[in-house]
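As structure tokens, the structure follows; a few thoughts come after it.
The values are calculated or read from the model by the stated rules, or taken from the named source; none is laboratory data. Just so you know, these numbers come straight off a predicted model, no measurement behind them. Because the Cβ atoms are built from the backbone with ideal geometry, glycine has one as well, and the counts that use them run over all protein chains shown.
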Amino acid sequence: MVQQTLIIIKPDGVSRNLTDEIIRRYEVAGLKVVKRKDMVAPLSIIEKHYPMRPDYLRSIGEKTIAAGQKVKSAKDQGRKVVTWLRKFITSGPIVAMILEGEDAVEVARKITGFTDPAKAEKGTIRGDLGTDNILDANREERPVWNLIHASGSVKEAKKEIELWFGSCCCC
């Protein structure tokens, strides 16, 4: 089924001049960029994109635990990570884009690779181009520099596309 998904190339990907290479990889997999914004992300959007909801914070904190770091509370760790992420994602230029194609959400997630670049498979964007890992990021009190945000589900993609591009786009 033809779908749309949201991809954000984060400041680390833009500053390393990886935008064209990242887009090329999605296009080779059959996805098409149908909308694109080069911008500095406004905090008003970022606060909605990375919310401080308890369930979301817990899920973020659980990634720290899965990476092998002990924390007192997954929710509290998630709050730290989201705070760092909000600061980082608004710190420089990003590229927000809508990709469209057959099973776009699943295809984009597969090409993007696992959240932690150190554990992402070779052949994925994060596995080939990523240079960071969750444990170092937490030790340095910053988000993991993993180049990209990719919507995690069709429902999430629709919500995120509307947040970043308005309701003009069809999913």
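Things worth noting here:
- Sole residue being closer than 26 Å to Glu140 by Cβ and touching a residue at least 24 places away in the same chain (Cβ under 8 Å), chosen from Arg58, Arg36, Arg86, Arg53: Arg86
- Every residue from the stretch 1-42 that is among the aliphatic types (A, V, I, L, M), farther than 17 Å from Val154 by Cβ and touching a helix residue (DSSP H, G or I) at 6+ places or on another chain (Cβ under 7 Å): Ile9, Leu18, Ile22, Ala29, Val33, Ala41
- Residue check for Ala96: modelled with pLDDT of 95 or more, within 18 Å of Glu27 (Cβ to Cβ) and touching a Ser or Thr at 6+ places or on another chain (Cβ under 6 Å): no
- Among (1) under 19 Å from Ser151 (Cα atoms); (2) out of contact with any Ser or Thr (no Cβ under 7 Å at 6 or more places or on another chain); (3) assigned to a helix (DSSP H, G or I) - the single one Pro51 does not satisfy: (3)
- Verdict on Val107 being buried (at least 18 other Cβ atoms within 10 Å of the Cβ), touching a Gly at 6+ places or on another chain (Cβ under 7 Å) and in a helix (DSSP H, G or I): yes
- Residues considered: Ile65, Ile98. Of these, the only one that is out of contact with any Pro (no Cβ under 7 Å at 6 or more places or on another chain) and either surrounded by 16 or more Cβ atoms within 10 Å (Cβ to Cβ) or assigned to a strand (DSSP E or B) (or both) is Ile98.
- Among the criteria (1) part of a helix (DSSP H, G or I); (2) surrounded by fewer than 21 Cβ atoms within 10 Å (Cβ to Cβ); (3) among the acidic types (Asp, Glu); (4) in contact (Cβ under 8 Å) with a residue 60 or more places away in the chain, the one Glu160 does not fulfil is (2).
- Filtering the stretch 114-143 to residues that are of a type in the set (Val, Ile, Thr) and modelled with pLDDT of 95 or more leaves Thr124, Ile125, Thr131.
- Restricting the stretch 115-141 to residues that are surrounded by fewer than 16 Cβ atoms within 10 Å (Cβ to Cβ) and charged (D, E, K, R), the residue that is farthest from Val82 (Cα to Cα): Lys122
- Selected residue (criterion: farthest from the chain's Cα centre (by Cα)) from residues of the stretch 112-156 that are assigned to a helix (DSSP H, G or I), under 16 Å from Tyr26 (Cα atoms) and not polar (S, T, N, Q): Asp128
- Qualifying residue in the stretch 30-40 (condition: part of a helix (DSSP H, G or I) and hydrophobic (A, V, I, L, M, F, W, C)): no
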